[in-house]
Amino acid sequence: MFFVYGVSMTIAKKEAAKKCSLYEGAHPNRRELSPAEYQAKLDEMAKAKFEKMMPQKLSHSLSTPSLCAQYIELAKKTGPMPWTARSLPQTHGQG
């Protein structure tokens, strides 16, 4: 079995959104970020997460390496998100 592994900006943005606060500063000087400030902060956090991300499984189980290549090409055509992918064989323990 084969899987497509890679990193996805979509996943990085979801993870960044969980950590990104709508507020800035400590209690006495705490203020709410404007939508533009929040978006800039979110984009910066997502970019940092994307650059540090380890490859994750992006596809379901595929039977041949050629299907992995087809999956990668289809994913590149269907979305404008920056991502990288490579196919790796699944290992079944020590043999």
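Worth pointing out:
- Among (1) at pLDDT below 80; (2) within 18 Å of the chain's Cα centre (by Cα); (3) polar (S, T, N, Q), the one test that THR91 misses: (2)
- Considering the stretch 3-20, and only residues there that are of a type in the set (Lys, Arg) and over 10 Å from the mean Cα position of the chain (by Cα), the residue that is surrounded by the fewest Cβ atoms within 10 Å (Cβ to Cβ) turns out to be LYS18.
- Per-region count, the stretch 66-79, residues more than 15 Å from GLY6 (Cα to Cα) and touching a residue at least 40 places away in the same chain (Cβ under 8 Å): 1
- Odd one out for TYR23 among (1) in contact (Cβ under 8 Å) with a residue 40 or more places away in the chain; (2) among the aromatic types (Phe, Trp, Tyr); (3) open to solvent by 60 Å² or more (accessible area, probe 1.4 Å): (1)
- Selected residue (criterion: nearest to VAL4 (Cα to Cα)) from residues of the stretch 27-65 that are open to solvent by 70 Å² or more (accessible area, probe 1.4 Å) and of a type in the set (Gly, Ala, Ser): SER63
The values are calculated or read from the model by the stated rules, or taken from the named source; none is laboratory data. Computed from a prediction, not measured in an experiment: that's the story for all the values here. All Cβ positions, even for glycine, are placed from backbone atoms using ideal geometry, and neighbour counts span all protein chains on display. Note: accessible area is taken over every heavy atom of the protein model, side chains too, but ligands, DNA and RNA are not part of it. Shrake-Rupley method; radii C 1.70, N 1.55, O 1.52, S 1.80 Å.
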